[in-house]
Structures are given as C-alpha cells and as structure tokens.
Amino acid sequence: MIKLSKQEKTAGTKRLLFSSTLAPAGNENSGCILTFNKMSTSPKPVKKVPIHLQSSQNRVYIKNGHIVNHDKSFKADIYIEDGIIKFVGPASEINVPGGVRIVDAANKLVIPGGIDPHTHMQLKFGGCVAVDDFYHGTKAAVAGGTTTIIDFVLPDKGESLVEAYDKWRAWADPKVCCDYALHVGITWWSRSVSEEMKIMCEELGVNSFKMFMAYKGLYQLNDSELLEAFERIRSLNGVAQVHAENGDIIAKNVQKLLAAGVTGPEGHELSRQEEVEAEAVNRACILAHQVDCPLYVVHVMSKSAGIELARARKRYTNRGIIYGETLAAALGTDGTNYWHDCFHHAAAHVLSPPLRPDPTTPTFMMKLLANDDLQTTGSDNCTFNKEQKEMGRGNFTKIPNGVNGVEDRMSIVWEKGVHAGLLDPCRFVAVTSTNAAKIFNLYPQKGRIAVGSDADIVIWNPNQTRTISKETHHQACNFNIFEGMVCHGVPEIVLVRGRICVEDGAVRVAEGYGRFINTPTRPPYLYDVLEGKISFNEDHNGEEHENQIHGGMKRMDLGALEIEIPYQEPISRTILPSRPGAGGSVADTPTGRGHVEGQRNMQESTFSVSEELDKSCARSCIRVRNPPGGQSSGFW
C-alpha cells in the first residue's frame with residue numbers, strides 16, 4: 001500500500017495514461033485503472049509501533065563513544081531526536097534534556113548503519129519463492145547491523161516496469177523493519193521500457209537500472225540492447241548496473257555438461273568459470289564507456305573479474321565511471337563447497353556468478369576492496385530452503401540460485417578485513433555503508449554520522465565475538481553458508497532512525513516501521529567527476545577524497561601480491577576423453593573430468609594488479625593451478 005502526495009497523485013495520473021498504451025487490445029484500461037484506483041483511494045496504512053519503541057526512545061543520547069565515519073574517526077557524543085541526529089560533539093557543548101535514553105558507548109565504536117546495496121527479498125525463482133520476505137529479511141539485516149537495504153524489482157519479460165515496481169512496493173511497505181530503496185531490472189528492451197525508465201527516475205524515486213548479460217532466453221540483453229540501455233540511463237543521469245557473465249557461453253556449456261552426465265552442483269561452476277565472468281566485465285566496461293555512462297558491476301566474484309574491473313578503472317581514471325561490488329559470500333567462503341559429498345550442502349552455495357574453487361579468492365577480493373578497485377559489499381541475499389534446493393537434484397540448472405548474507409555481511413567484512421589487518425575501521429565503514437550511499441545518492445542522509453543525518457547507528461564492539469549458525473540467525477532459511485565461523489566484532493546496539501532495535505542480544509523490530517527512500521538522479525559522487533566539475537582524485541575539497549576512499553590507509557600495492565590466474569581447459573576437453581595420439585594421459589577425477597598430464601599450455605600468460613597495470617601485463621607469466629579433484633580450471 002503506497003501513500004501518495006498531491007504531486008505523486010498527479011504523476012500517477014500520467015502513469016495511468018501511459019500504462020494504458022501497454023494494455024492488451026480489448027482491455028486497454030481496466031488493469032491500469034484498477035492499479036491506480038487501489039493506490040489513490042485506499043486508506044492511509046496504520047503502522048502500529050510497539051510500546052518498547054515509543055516514549056523516551058524518540059530521544060537518545062550516546063556518550064563516550066568513538067565515532068568512525070568513512071573519512072575520519074574521533075571521540076564525541078551524539079544526541080538523537082525524532083530519528084535525526086541533532087548533535088555531534090563534546091559533552092561540554094550540550095545540555096541533555098530530561099527523559100532521554102542514555103547509552104554508554106565507552107570502549108566501543110559508533111558507526112553508521114550498514115547499507116546492503118544488493119538484496120532479493122521474497123523473489124520468485126524457478127517456481128519457488130525466496131523464504132526471506134521483506135519482514136524476515138530486514139529483521140535479519142537489522143540484527144547484523146544493516147539499517148538500509150536496496151532491493152531489486154525484476155519485471156517478467158514483457159511486463160511493465162511501473163506495474164512491477166508497484167508490486168514490489170506492495171510487498172515491501174507493510175513488512176520492512178528498516179528503510180529500503182529499489183533498483184529496477186531491465187529484463188527486456190523496447191521503446192515502452194525506455195519511456196518507463198523516465199517515469200522511474202522522475203516520479204518514482206529510482207535512479208539505478210540493472211541489465212543482465214546472463215540468463216539467455218530469460219533476462220539476457222544483447223550488446224546492441226545494452227548500448228541503448230546505457231545511453232538511456234546516461235540521458236536520465238542514472239546509474240547502470242550489470243550482472244556480468246557471458247550468457248551465450250554458459251548456455252552452450254550447460255548443454256555439453258548435461259549431455260556428458262555432469263548433473264551435480266559442481267556443474268554450476270564448471271559451466272560459468274572465471275573467464276566467462278571476466279570477459280563480460282571487460283565488455284560491459286567498454287560498452288558503458290562508449291556512451292559515457294556510470295557503471296556499477298554487481299557481485300564481482302572472481303580474481304579475474306576483479307582484475308578486469310581494476311584495469312577499466314585505471315583506463316578511465318579521469319572519467320570516474322566504473323564501480324564494483326563484491327559479496328559477503330565471496331569474502332567468507334569459496335567454491336570448493338560445490339564438490340561436497342552432501343548435495344544439500346553443495347546446492348546451498350549455488351548462486352550466480354558462482355563462488356570460485358580457488359581458496360585464495362576471498363583474501364584477494366578483500367584486498368581489491370582495500371585498494372579501492374572495488375567499492376562496496378552486498379549480500380545478494382536470496383534464500384531458499386533445502387527442500388527448494390532439492391528441485392535441482394539431477395540437474396544443476398534447476399537449483400534455485402541464492403544464498404544468505406544480509407545478517408552476516410557486516411561481521412564477515414570486519415572479520416576478514418579489519419580483524420585480518422587488511423582494512424582499517426574507516427575503510428570498513430566506506431565499503432559497508434558510505435560508498436553505497438554515495439553511489440546511489442543517499443548520502444549524507446544515510447552512510448554518515450553527522451548533524452542532520454538519519455539516526456541509523458550501530459554501536460560496534462570490536463572485542464566481542466559471535467559464532468554464526470543457522471540455529472541462531474534471524475533469517476528464515478534452514479542453512480547458513482558461514483556455519484561455524486567465529487567473528488570478532490559484534491553489533492551490540494543497533495538504532496534504526498533513532499529507535500533501539502538491537503540490544504543485549506535481543507532483536508525487537510516493528511513490522512512496517514521502515515520507509516521507502518527515494519534515490520534521486522545525478523549522484524554528485526559520480527556525475528561531478530563524469531561532467532568534469534572535479535577530477536577523479538579530488539572530492540569537493542581536494543585531498544579529502546583520498547581519505548574518503550581509503551580511510552586514511554596507505555594505498556596498497558597489489559603488484560606485490562602473487563596473483564595467479566590459472567589456465568582453463570575448454571569445456572569440451574574437460575568432459576570428453578582425450579583424442580588418440582594427442583600425447584599425455586588422462587587421469588580420472590571424482591567429478592568425471594580429466595586432467596591432461598604432460599602437455600604444455602601454449603597460451604600461458606597472466607597479469608597482476610598494481611599502480612602500473614598495463615606495464616605489469618607485459619611482464620607477467622602464468623602458473624596453472626588444480627582445483628578440488630585434480631581438475632584443470634582457471635583463466636587464460
């Protein structure tokens with residue numbers, strides 16, 4: 001149920017007139033009138049706020065804490081009233097009024113609430129629906145320190161973007177426990193889609209659109225359509241997103257694998273290996289650059305794809321148009337799980353792009369975040385229970401794609417980043433909150449502790465630990481891909497717009513308390529650089545930009561890392577016996593793939609990411625690695 005202002009009602013009339021042109025012949029207006037009337041005449045929803053979220057919790061005073069923003073950290077107190085931060089400074093400069101809830105944050109960090117820019121709550125996939133709906137999903141998010149999510153509207157092929165958006169709003173508004181925004185998927189291309197994109201931007205508070213280079217026959221756009229979509233997004237001052245995998249290659253590989261009898265979860269990764277992702281990342285960056293469109297690559301999952309994105313950022317450094325996201329799953333676990341003896345365990349890890357079998361990938365991805373080759377962390381939270389994953393037994397293509405992560409994302413990034421010594425706390429705030437707020441134009445309302453910002457605040461205890469488990473998490477799924485991981489760093493108290501929702505291990509949220517948040521077009525963080533108003537290496541006040549990106553941390557030289565990008569056998573070689581007389585011998589593996597011994601790979605090459613990417617490429621060499629089961633797999 002959606003509340004409309006006078007201005008929005010006027011816009012709704014425009015949408016009604018426009019949508020009528022999309023209705024089938026003979027029923028031009030009926031469906032549209034029903035949709036509009038329902039929105040404009042329904043009574044204003046009543047959100048019941050429990051007693052524990054009322055009274056003095058409208059006013060909260062946090063004292064003795066150490067505030068950490070993306071650009072600096074400092075000791076200060078915070079006063080909150082009616083969900084807004086009213087004061088940040090020393091205790092000597094404020095007289096605290098009576099009836100205020102006082103929270104002592106001594107020896108704790110006070111950080112902006114997390115922003116998860118990539119979730120799929122109650123998404124329909126392959127005949128089933130993700131078990132985390134907008135209530136369970138946002139409750140879990142708050143429990144883990146995330147106070148804003150950005151979900152994806154995914155229209156069916158041929159469906160109106162406006163109608164799909166209304167459907168998502170109707171699902172989310174009555175249920176969300178924290179604030180949320182929406183991206184919209186461009187799952188098909190036509191003139192009507194292009195026109196509706198303008199409605200999304202100008203009337204419905206959406207500035208970002210996601211295109212798919214995968215899912216052939218379902219969502220995949222070809223290069224010509226991608227170019228048109230990018231050009232349209234640029235004209236609207238929006239943000240383009242891509243799911244970067246080569247869908248044509250995947251479709252062909254799937255056919256070969258199934259024909260060869262490879263049906264288990266390992267087939268998912270074998271059909272869409274690293275180079276399939278890396279090629280699409282490179283192509284997407286080139287296409288976006290052709291029309292000068294800001295591009296945000298979602299869920300970068302492999303070393304190879306991360307390197308391609310880093311190369312593009314270096315190529316277009318003066319344009320500032322390429323940004324990248326990785327996932328909690330990519331940082332906290334790996335693709336060796338696809339070869340697990342238990343089908344349910346292996347299937348529970350299936351998502352696209354897949355986790356990578358190289359166990360060094362998580363650390364490498366974290367170093368890309370530290371080096372600002374990647375800017376954000378999402379969860380891609382899309383959870384299915386064991387019974388739903390069972391649909392893919394005997395055919396890996398029917399396994400519902402998706403994993404958990406919205407609750408554990410903050411802890412995973414702290415454990416694998418800050419606790420491991422790869423990130424400092426400022427950079428942690430940047431990659432879990434502030435950068436997403438800037439890219440999608442929510443900053444400084446979200447992603448910062450400052451006067452006037454929303455009081456989405458986490459009191460983080462860096463000395464406390466917790467063990468992740470499906471038995472204790474707040475998500476609706478019955479599996480957790482991080483099961484048993486001990487994480488240092490716990491969100492001890494979480495405030496959602498000034499309301500204390502997590503305290504002493506208890507999670508107390510109000511269904512429907514969250515609001516839909518508009519994401520205005522033309523995010524300054526992107527467009528000021530793109531339009532030449534500031535250079536890529538400055539941000540409104542010169543030197544501060546470097547600190548905002550790196551949290552005051554010395555820029556890491558990834559050229560010093562040993563980066564291996566292994567050779568991948570073409571899929572036809574991995575599932576068929578070797579040709580007679582080809583030389584070498586084929587060693588059988590548990591998955592039925594063969595590893596050819598004694599042959600030299602004539603395409604050997606590799607490269608490293610550093611300040612001198614292009615020079616590094618010319619000097620580098622390859623090493624072949626063997627993932628689980630002795631398979632020859634990788635990228636050339």
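In nm, give the distance between the simple-model label positions of His344 and Ser92, each being 7 Å from the Cα along the Cα-to-Cβ direction.
Placing both labels 7 Å beyond Cα along the Cβ direction yields 6.2 nm.
Keeping all protein chains in the complex and leaving out DNA, RNA and ligands, what accessible area do you get for Thr472 with a 1.4 Å probe, in Å² to the nearest 10?
90 Å²
Quote the FRET efficiency, to the nearest 0.05, computed for Ala420 versus Glu483 with a Förster distance R0 of 25 Å and r equal to the Cβ-Cβ distance.
My answer for the efficiency is 0.80.
Treat each spin label as a single point 7 Å out from the Cα along the C-beta direction, and report the Asn395 to Arg319 distance in nm.
Here the answer is 4.2 nm between the modelled labels.
Give a residue-ordered list of calculated ³J(HN,Hα) values for the stretch 361-374 (Karplus: 6.51 cos²θ - 1.76 cosθ + 1.60, θ = phi - 60°; whole Hz; x for Gly, Pro).
In residue order, the calculated couplings are 4, x, 5, 4, 5, 5, 5, 5, 5, 4, 8, 6, 7, 10 Hz.
Taking θ as phi - 60°, what are the ³J(HN,Hα) couplings along the stretch 146-151 by the Karplus curve (6.51, -1.76, 1.60), each to the nearest whole Hz, with x for Gly and Pro?
So the J values, rounded to whole Hz, are 9, 10, 8, 10, 10, 9.
Using only protein heavy atoms and a 1.4 Å probe, report how much of His120 is accessible, in Å² to the nearest 10.
10 Å²
Quick one: accessible surface of Asp156, probe radius 1.4 Å, all protein chains present, in square angstrom to the nearest 10.
Surface accessible to solvent at Asp156 totals approximately 90 Å².
Which value, in Å², gives the accessible area per residue of the stretch 463-529 when a 1.4 Å probe is used on the protein heavy atoms?
With all protein chains present, the stretch 463-529 gives 38 Å² per residue.
Sorted from largest to smallest, which semi-axis lengths in Å does the alpha carbon gyration tensor of the stretch 250-301 give for its equivalent ellipsoid, taking the root of 5 times each eigenvalue?
Semi-axes (√(5λ), whole Å): 30, 11, 7.
Arranged from highest to lowest average of other beta-carbon atoms within 10 Å per residue, in what order do the peptides 499-507, 511-519 appear?
Going by the mean number of other Cβ atoms within 10 Å, highest first, we get 511-519, 499-507.
List every residue whose amide H lies under 5 Å from the amide H of Val403, counting only residues 5 or more places away in sequence or on a different chain, with H placed 1.01 Å from N in the peptide plane.
Result for Val403 returns Cys382.
In the structure displayed, which of Lys157/Lys252; Lys210/Lys438; Lys86/Lys416; Lys389/Lys470; Lys252/Lys398; Lys157/Lys216 lie more than 24 Å apart, Cα to Cα?
In this structure, Lys86/Lys416 exceed 24 Å between Cα atoms.
Using 0.36 nm per residue, how much length does the chain from Asp156 to Glu471 gain when fully extended, once their Cα-Cα distance is taken away? Numbers along the way, then the final one.
Working: separation 315, 0.36 × 315 = 113.40 nm, distance 3.50 nm.
Going from the current span to full extension adds 109.9 nm.
In whole Hz and in residue order, list the ³J(HN,Hα) couplings for the stretch 130-139 that follow from phi through the Karplus curve 6.51 cos²θ - 1.76 cosθ + 1.60, θ = phi - 60°; x for Gly and Pro.
4, 6, 7, 7, 5, 7, 4, x, 6, 4
Please report the projected area of the stretch 115-274's Cα convex hull averaged over all directions, in nm².
10.6 nm²
Obtain the radius of gyration and the Kirkwood radius of the stretch 116-204 from its C-alpha atoms and give Rg over Rh.
Rg/Rh: 0.99.
Let me see the P(r) profile for the stretch 441-528: every Cα-Cα distance counted, bins of 5 Å, each bin given as a percent of all pairs.
Pairs per bin, as whole percents: 3, 11, 15, 18, 18, 15, 12, 7, 2, 0.
So if I average 1/r over every pair of distinct C-alpha atoms in the stretch 375-437 and take the inverse, what Kirkwood radius in Å does that give?
Numbers: mean 1/r = 0.0743 Å⁻¹.
About 13.5 Å, per the Kirkwood formula over Cα pairs.
On average, how much area does the Cα convex hull of the stretch 193-288 cover when viewed from any direction, in nm²?
Here the figure is 6.8 nm², rounded to one decimal.
Relative contact order for the stretch 341-417: what percent, with Cα pairs under 8 Å and sequence separation of 6 or more? Mind showing how you got there, number by number?
Working: 69 pairs, mean separation 29.4, N = 77.
Computed over the stretch 341-417, the figure is 38 percent.
What fraction of the Cα pairs in the stretch 235-353, stated in percent, has a spacing above 25 angstrom? Don't jump to the answer; show the numbers that get you there.
Details: 2131 of 7021 pairs.
Of all Cα-Cα pairs in the stretch 235-353, 30 percent lie more than 25 Å apart.
Just grab the label-to-label distance for Trp171 and Val100, each label 7 Å out from Cα along the Cβ direction, in nm (one decimal).
Output for this residue pair reads 4.2 nm.
The values are calculated or read from the model by the stated rules, or taken from the named source; none is laboratory data. As the structure is a computational prediction, the values presented were derived from the model and not from experiment. In this analysis, Cβ positions are derived from the backbone assuming ideal geometry, glycine residues included, and neighbour counts consider all displayed protein chains. What goes into the accessible areas is simple: the full protein's heavy atoms, side chains included, and nothing from ligands, DNA or RNA. Shrake-Rupley method; radii C 1.70, N 1.55, O 1.52, S 1.80 Å.
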